[in-house]
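Worksheet: one structure, shown below.
The values are calculated or read from the model by the stated rules, or taken from the named source; none is laboratory data. In this text the structure is predicted, and so the values were computed from the model without any measurement. Heads up, the Cβs are rebuilt from the backbone with ideal geometry, glycines too, and the neighbour counts pull from every protein chain shown.
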Amino acid sequence: MNTEVSTNHTQTELIQLLLQLGLGSGGSFAIWRKPKCNTVEMVLDDSTIPSKVTINLEELDPGFIIHPFADQEDKKAYFIKANNYLKIKLDDSFEKDELPEWAKIRLENERLLSPQELKSLFAQQPHTIQGSGKDESQNKKHFMQLVEMGVQAVLDGKMEKVVPARTKHIEIPEDFNLSLTLLSLMKTYPFAFINFFHIPQVGTWIGASPEVLIETKGDIFYTMSLAGTQPAEGDNPLKTAAWTQKEIEEQALVSRYIVSCLKKIRLREYEEHGPKTVVAGNLLHLRSDFRIDMQATGFPQLGSIMLDLLHPTSAVCGMPRKESHEFLQAYEGFDRSFYAGFIGPVNIQDQTSIYVNLRTASLSEKQAILYAGAGVTEDSDPEKEWEETELKCQIIGKFIQNPKV
């Protein structure tokens, strides 16, 4: 017989309760925490049949959008409707009374599951399309050859830059604690978009993305160009960072692409700030910020317009987009699935925040597939690009294998 959930909980137990709500529903759900924020949000749709929508952000109901790297034949994205929504502060102590009524009702006669019971509940979910499983996608020799081919294509003038990716398969430990892993990501990466989403018969993913694709709040539109990577080392990595010409040019390419998109729609009134060095987990990147007043410029649907123009960005695909995308399709050797696609809450509390799905992993009962890519230009060194992807895989991988708060 179940005993009622106690009224007072730790942060880990709060995350566990949210995962219980989602996994116990049989439907689709997403849990996230935005950068520089101390609140956890969740949407839950009880339907066991995945929902897909046309990407017209301004007309969508509140929910959470999930789009793969490559366009689907129907040109639609997965969408988790906010039929049930909650937003809770991530305080040291959490009271059950803080939950919205719909969640209280569902948990009324439920006890808090143990981490192993939660793992068992997760294992009962239908896990089918979990990204690629091809061996060559995690093979070092294959990836380094891919980088060499990319360098040659750039030298031959076919592209300015290309971003090959790879996978890394890791075993999920017997004592895997999903709620602790998710909370560990929130604690460790305060400037990342921490997310977990589950769509029945489609997939389960966890991530800590550093990159906003597009954001709209009221009349303000925002995007960023994020590229260039190096390890964050020393006591003050932001002050000691030194960037090579290759990394500076790589980031400038992304900024120029954003400006070219604005020129395509004849939008000239925008603010650009940067580039500046920013921390993302155990890495440093170069970032520039772009802001536009949609009302003043007469572009009320700028979110949808720029989403279509920007995805996939040169930071995850390359430049020019068509040629680099064709190169990846021909030689990369695996299906990226949701990696380097876009995800995020739409029209929730007058705000849409969509992120590039980076620093991410797809989860199944016994295995996690980590994904990472590296920007290749004429100055790229295959061994260094491999090392960069290894560092990126660690951002999520180390918490799946050994979560700590």
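Listing for the model above:
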item	result
Those residues of the stretch 209-229 which are at pLDDT below 95, within 29 Å of residue 376 (Cα to Cα) and surrounded by fewer than 19 Cβ atoms within 10 Å (Cβ to Cβ), in sequence order	none
Selection from the stretch 260-299 of residues that are within 17 Å of residue 218 (Cβ to Cβ), assigned to a strand (DSSP E or B) and without any contact (Cβ under 8 Å) to a residue 60 or more places away in the chain	271
Test: residue in the stretch 210-220 that is more than 29 Å from residue 284 (Cβ to Cβ), over 20 Å from the mean Cα position of the chain (by Cα) and among the charged types (D, E, K, R)	yes
From 152, 138, residue being at pLDDT 90 or above and closer than 24 Å to residue 323 by Cα	152
Scope the stretch 90-101; condition surrounded by fewer than 11 Cβ atoms within 10 Å (Cβ to Cβ) and over 29 Å from the mean Cα position of the chain (by Cα); matching residues	97, 101
Unmet requirement for residue 334, which otherwise passes all of (1) surrounded by 23 or more Cβ atoms within 10 Å (Cβ to Cβ); (2) in contact with a helix residue (DSSP H, G or I) (Cβ under 8 Å, 6 or more places away or on another chain)	(1)
Subset of the stretch 155-208 that is among the charged types (D, E, K, R) and under 30 Å from residue 323 (Cα atoms) - its residue that is surrounded by the fewest Cβ atoms within 10 Å (Cβ to Cβ)	156
So residue 55, is it crowded, with 16+ Cβ neighbours inside 10 Å, at pLDDT 95 or above and in contact with a strand residue (DSSP E or B) (Cβ under 8 Å, 6 or more places away or on another chain)	no
Residue 237 being surrounded by fewer than 24 Cβ atoms within 10 Å (Cβ to Cβ), of a type outside the set (A, V, I, L, M, F, W, C) and closer than 30 Å to residue 115 by Cα	no
Subset of the stretch 102-117 (residues that are surrounded by 13 or more Cβ atoms within 10 Å (Cβ to Cβ) and in a loop (DSSP other than H, G, I, E, B))	110, 111, 112, 113
The stretch 45-57, residues that are over 19 Å from residue 340 (Cβ atoms) and either in contact with a helix residue (DSSP H, G or I) (Cβ under 6 Å, 6 or more places away or on another chain) or part of a loop (DSSP other than H, G, I, E, B) (or both)	46, 47, 48, 49, 50, 51, 56, 57
Which listed residue is out of contact with any helix residue (DSSP H, G or I) (no Cβ under 7 Å at 6 or more places or on another chain), in contact (Cβ under 8 Å) with a residue 24 or more places away in the chain and in a loop (DSSP other than H, G, I, E, B), from 91, 74, 97	91
Residue satisfying condition, being under 20 Å from residue 342 (Cα atoms) and in a loop (DSSP other than H, G, I, E, B), within set 176, 191, 221, 196	191
